[in-house]
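Student: One structure is given below, represented as structure tokens, and several questions about it will come after.
The values are calculated or read from the model by the stated rules, or taken from the named source; none is laboratory data. Everything numeric in this text was worked out from a predicted model, so none of it was measured. Cβ placement follows ideal geometry from the backbone for every residue including glycine, while neighbour counts extend to all protein chains displayed. Quick note on the areas: whole protein, heavy atoms, side chains included, nothing else; ligands and nucleic acids left out. Shrake-Rupley method; radii C 1.70, N 1.55, O 1.52, S 1.80 Å.
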Amino acid sequence: MAHTGVWLCAFSVLPVALAAVYFQEEFLDGERWRNRWVQSTNDSQFGHFRVSSGKFYGHKEKDKGLQTTQNSRFYAISAKFKPFSNKGKTLVVQYTVKHEQKMDCGGGYIKVFPSDLDQKNMNGKSQYYIMFGPDICGFDIKKVHVILYFKNQYHSNKKSIRCKVDGFTHLYTLILRPDLSYDVKVDGQSIESGSIEYDWNLTSLKKMEKNSAESQDWGQTEGGKAQDWEKHFLDAGSSKPSDWNSELDGDWLQKPPYQDGLKAEAINKDVWLHQKMKHTSYLMQYDLSEFENIGAIGLELWQVRSGTIFDNFLITDDEEYAEKFGKATWGETKGPEREMDAIQAKEEVKKAREEDEKEMMAGKFHRKANHFSRVHKQGEL
């Protein structure tokens, strides 16, 4: 079932707190998923999806999800929802992925797009905001991608985040917070966290923008004359505000006492300019975890061997809701899924032994038959 752009109470234990659930998909209504998800026709060779719970599962209906069906294909499919901005809010992107074919080379990640995504023409060049999830290829690549679109470029997390490589369903969660902290969770456990500003190597870009903004402020003139810098100075003897942050606001500088009649233009602005002037201007342009027009989610990936199942998609602003949703879906079926796989494995071993025994018996019978045939022929002689 899908919920889009709905405000929900974060389960009964949180009667006051409301969670904004922007998108939620569990594929519980049969073939109606085709009304919500659009297969790209950009390439006639794109692989096709079906909804399936796979060869083994914890619950036949609850574990149904989008499954890749053709080997050595690119895939592209997406679903739209009511556009929103996560400005000043936490953003949580979560889903489950199951490589029951024991992935050898292929993607298991998802992408979050702007609302103007052309779904029918969606392809590898379609601009996205976030790319998140596992990618496996050979012995070298077994990582969780966390890529953010920033300043017209894609930037990857510089840390090596290892993904799960077995054939079971796993829960992947990405949390981006307004304070520029982030958290990557697998199966509900944090496996990587830190600062978006530093773990995406973006500090140099921010410094460049800051320097550019300050240089522009210095160079502003009006009628060929320097601006009235007086308004940027602090009165002598004034105390530093309690909320002053030296790292963001710069050094605390006071206006020196000077005689009446001395014009502001005569003051060395390189020394006495109040560095708090527009100190947030460059930061506002670099809200690294904020996106103004989120409106679609999709799968755009390549797989050598098909069979991966994607399920339990969720985009919300509430970490607790995401945690509880994960427990109510993946958390309820993960145990039974492993039990069913173990039972099937035992049955396969038993079946293989029985087939071996049949072959051995057939071989013995064949040898006895040959022996009898030789004895019979000798008797005839």
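Student: Can you list residue pairs whose Cβ atoms sit under 7 Å apart, with the first residue in the range 142-171 being among the aromatic types (Phe, Trp, Tyr) and modelled with pLDDT of 95 or more and the second being crowded, with 19+ Cβ neighbours inside 10 Å and not in a loop (DSSP other than H, G, I, E, B)? Count only pairs 6 or more apart in sequence or on different chains.
Tutor: Pairs that qualify, where the first residue is among the aromatic types (Phe, Trp, Tyr) and modelled with pLDDT of 95 or more and the partner is crowded, with 19+ Cβ neighbours inside 10 Å and not in a loop (DSSP other than H, G, I, E, B), are PHE168/LYS98; PHE168/GLU337.
Student: Something else now. If you scan the range 128-143, which residues turn out to be within 21 Å of GLU323 (Cα to Cα) and either assigned to a loop (DSSP other than H, G, I, E, B) or among the β-branched types (Val, Ile, Thr) (or both)?
Tutor: ILE130
Student: Go through the residues of the range 113-136 one by one and say whether even a single one is surrounded by fewer than 19 Cβ atoms within 10 Å (Cβ to Cβ) and modelled with pLDDT under 95.
Tutor: No; the residues of the range 113-136 include none that is surrounded by fewer than 19 Cβ atoms within 10 Å (Cβ to Cβ) and modelled with pLDDT under 95.
Student: Restricted to the range 340-364, and to residues that are more than 36 Å from the chain's Cα centre (by Cα) and among the small types (Gly, Ala, Ser), which residue is least open to solvent (accessible area, probe 1.4 Å)?
Tutor: It comes out as GLY363.
Student: Please work out which residue is nearest to HIS170 (Cα to Cα), limiting yourself to the range 122-155 and to residues that are among the β-branched types (Val, Ile, Thr) and within 9 Å of the chain's Cα centre (by Cα). Steps first, please.
Tutor: Initially, the range 122-155 is screened for residues among the β-branched types (Val, Ile, Thr), giving 130, 136, 141, 144, 146-147.
Then drop every residue that is not within 9 Å of the chain's Cα centre (by Cα), which leaves 130, 144, 146-147.
Numbers: ILE130: 19, VAL144: 12, VAL146: 17, ILE147: 20 Å.
Checking each candidate, the answer is VAL144.
Student: Now, a different point. If you go through the range 96-108 one residue at a time, do you hit one that is crowded, with 19+ Cβ neighbours inside 10 Å, among the hydrophobic types (A, V, I, L, M, F, W, C) and in a loop (DSSP other than H, G, I, E, B)?
Tutor: Yes, that holds for at least one residue.
Student: Additional query: Scan the range 64-95 for residues that are open to solvent by 30 Å² or more (accessible area, probe 1.4 Å), closer than 30 Å to PHE139 by Cα and not hydroxyl-bearing (Ser, Thr, Tyr) and jot them down.
Tutor: Listed by number, the residues that qualify are LYS64, GLN70, ASN71, ARG73, PHE74.
Student: Let me ask something else about it. Please tell me if LYS60 is without any contact (Cβ under 8 Å) to a residue 60 or more places away in the chain and either over 25 Å from HIS170 (Cβ atoms) or among the basic types (Lys, Arg) (or both).
Tutor: So LYS60 fits the description; yes.
Student: Moving on. Within the range 137-161, track down each residue that is more than 21 Å from SER306 (Cα to Cα) and either open to solvent by 70 Å² or more (accessible area, probe 1.4 Å) or in contact with a Gly (Cβ under 6 Å, 6 or more places away or on another chain) (or both).
Tutor: Within the range 137-161, LYS151, ASN152, GLN153, TYR154, LYS158, SER160 meet the criteria.
Student: Quick check: anything in the range 38-45 within 26 Å of VAL304 (Cβ to Cβ), more than 21 Å from the chain's Cα centre (by Cα) and hydrophobic (A, V, I, L, M, F, W, C)?
Tutor: no
Student: Run ILE77 past the list (1) over 19 Å from ILE343 (Cβ atoms); (2) over 18 Å from the mean Cα position of the chain (by Cα); (3) touching a residue at least 24 places away in the same chain (Cβ under 8 Å) and report the number of the one that doesn't hold.
Tutor: (2) is the only condition that ILE77 fails.
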